[in-house]
Amino acid sequence: LSLNQGQFDALVSFVYNIGFSKLETSTLLKMIRKNPIDPKIKNEFLKWVYSNGKILNGLVARRRWESERYFSEL
């Protein structure tokens, strides 16, 4: 899988927060492997904003940054 710098940065931030094992089994990674420029990937980042069943504003901000960074160099 070949990634540009924006995609790499976004995924490193994401994995740092959730852990590699969760990324490995995620729909996000499946979509990236299938078509790394699919615009629906942005929505997959935004699904990961919960902690103990509650949406955290900090996670919403982080996932927005990651999704924007992922597509910043396309």
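When you restrict to C-alpha pairs under 8 Å that are six or more residues apart and normalise by the size of the chain, the relative contact order lands at 47 percent. Each Lys or Arg adds one and each Asp or Glu takes one away; over the other residues whose Cβ falls under 13 Å from the Cβ of G58, this sums to +3.
On the protein heavy atoms, probe 1.4 angstrom, tell me the percent of accessible surface of the chain carried by carbon and sulfur. After summing per-atom areas, the C and S share lands at 54 percent. Using only the alpha-carbon atoms, how far is helix 5-18 inclined from the longest principal axis of the chain? Give it as 0 to 90 degrees, nearest 10. Computed tilt is about 30 degrees. For region 22-28, backbone phi angles converted through the Karplus equation (6.51, -1.76, 1.60; θ = phi - 60°) give residue-by-residue couplings of 6, 4, 4, 9, 7, 5, 3 Hz, Gly and Pro being listed as x. Ordering I32, L11, V49 by the projection of their Cα atoms onto the charge dipole of the chain, which places +1 on the Cβ of Lys and Arg and -1 on the Cβ of Asp and Glu, puts V49 at the extreme positive end.
For Kirkwood radius over Cα pairs in Å, computed directly from the structure shown, the correct entry in (i) 12.9; (ii) 13.4; (iii) 12.3 is (iii). Per residue, the chain exposes 66 Å² of solvent-accessible protein surface, assessed with a 1.4 angstrom probe and all protein chains in place.
The values are calculated or read from the model by the stated rules, or taken from the named source; none is laboratory data. Treat the numbers as computed from the prediction; the structure is a model and nothing was measured. Note that each Cβ is placed from the backbone with ideal geometry, even for glycine, and that neighbours are counted across all protein chains shown. Heavy atoms of the whole protein, side chains included, go into the accessibility calculation; ligands, DNA and RNA do not. Shrake-Rupley method; radii C 1.70, N 1.55, O 1.52, S 1.80 Å.
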